[in-house]
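Contents: one structure, followed by commentary.
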Amino acid sequence: MNIILFGSPGSGKGTQAKMLGEHFYLRKISLGDILREEVKKDNEIGRQVKKYMEQGVLVPDELVSHIIEDNIDVKSSDNHLGHRGIILDGFPRNLSQARVLEGILNKGGQTVDTFIYLDIDEKTIIDRLSKRRVCKQCGANYHLDTMPPRCQNVCDTCDGELIQRNDDKPSVIKKRREVFLEESKKLLDFYAQKDKLLAIDGRGTKEEVFDRIKNELQPKITYEK
Ligand code: AP5
Ligand code: MG
């Protein structure tokens, strides 16, 4: 079972990827998180990646394709720690990345099963991103109103400091949103033509969104959990 989560910045991809991964035994691969780890290393690749992320534009395909290939590892994705496939958050984001992904999966005799589009309105996006806080240490996500930490500015899991992501400044959010709107139509058409597109209403609580996706995916699951 290989699933893609696609949607605007702030649509809830990271939140749902975690919940779905745990529920359906899928290995979560979040490209944004992987890129942020590269930036932390402060090596040549990390410095290049940082430049693009800070502007809210896509990191060039050549760079992310290698990174995703190393992380997908099709041969082990089915059985790695009992996983029954992968859930991709933030890849692909354009047609050329979709083709790269097909190539990687095909090598292992696999394919994309479902492309989930989290559909969400602009006002909700701005609220979610401006009130998001992330743990500097473990990357856990919070929202000041809907998913607040137990203690102010402290991560519930690891006691790390909670900060605002660099690209959650209003001007960068605007740019990320523009990039998303430019690329989304072609990608949605690509997967709709393959009959793999599943559009989900991304509004409501994270549990409500999760239940919507779960109810759609459950009948397609062929493995024992
Ligand atoms: P990435 O980190 O993937 O950012 P993004 O796509 O802009 O999406 P976000 O992580 O901001 O939002 P999300 O949809 O995950 O929402 P979340 O669950 O956190 O990418 C960052 C950058 O990396 C890109 O701009 C680009 O530069 C680069 N990059 C990444 N992938 C790339 C690629 N393929 N090619 C090239 N470059 C790439 O939720 C948001 C907030 O809302 C949180 O606070 C959360 O707690 C809260 N929340 C979530 N769901 C709910 C809910 N149902 N109700 C209430 N609150 C909720
Ligand atoms: Mg995310």
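So the values come out like this:
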| quantity | calculated |
| --- | --- |
| Listed residue pairs exceeding 28 Å between alpha carbons, taken from 40/196; 40/186; 41/107; 136/220; 123/186 | 40/196; 40/186; 41/107; 136/220 |
| Cβ charges +1 (Lys, Arg) and -1 (Asp, Glu), total dipole of region 141-212, debye | 360 debye |
| Lys/Arg +1, Asp/Glu -1 at C-beta; region 2-152 dipole; positive extreme among 141, 53, 104 | 141 |
| Kyte-Doolittle at least -0.5, axis length at least 15 Å by Cα - qualifying DSSP helices, the chain | 61-72, 95-107 |
| Label-reachable residues, region 183-225, where backbone N falls under 16 Å from a point 7 Å from residue 121's Cα toward its Cβ | 201-205 |
| Principal axes of the chain: Cα extent on each, largest first, Å | 45, 39, 34 |
| Nonlocal amide H pairs with residue 199, under 5 Å, H built at 1.01 Å | 117 |
| Solvent accessible area, Å² - residue 91, 1.4 Å probe, full protein context | 0 Å² |
| √(5λ) per eigenvalue of the Cα gyration tensor, region 127-225, largest first, Å | 30, 22, 12 |
| Calculated Rg and Dmax of region 95-161 using C-alpha coordinates, Å | 17.8, 47 |
| Net dipole in debye of the chain [+1 Lys, Arg Cβ; -1 Asp, Glu Cβ; about Cα centre; nearest 20] | 260 debye |
| Rh (Kirkwood; distinct C-alpha pairs) - region 167-207, Å | 12.3 Å |
| Cα-based equivalent ellipsoid, region 5-85: semi-axes from gyration tensor eigenvalues, Å | 24, 16, 10 |
| Accessible area of residue 165 in the full protein assembly, 1.4 Å probe (Å², nearest 10) | 50 Å² |
| Accessible area (Å², 1.4 Å probe, nearest 10) - residue 196 | 50 Å² |
| Rh by Kirkwood over Cα pairs, then Stokes-Einstein D for region 1-47 at 0.692 mPa s and 37 °C, µm²/s | 274 µm²/s |
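The values are calculated or read from the model by the stated rules, or taken from the named source; none is laboratory data. These numbers come from a predicted model, not from an experiment. When we count neighbours, we look across all protein chains shown, and the Cβ atoms used for this are built from the backbone with ideal geometry, even at glycine. What goes into the accessible areas is simple: the full protein's heavy atoms, side chains included, and nothing from ligands, DNA or RNA. Shrake-Rupley method; radii C 1.70, N 1.55, O 1.52, S 1.80 Å.
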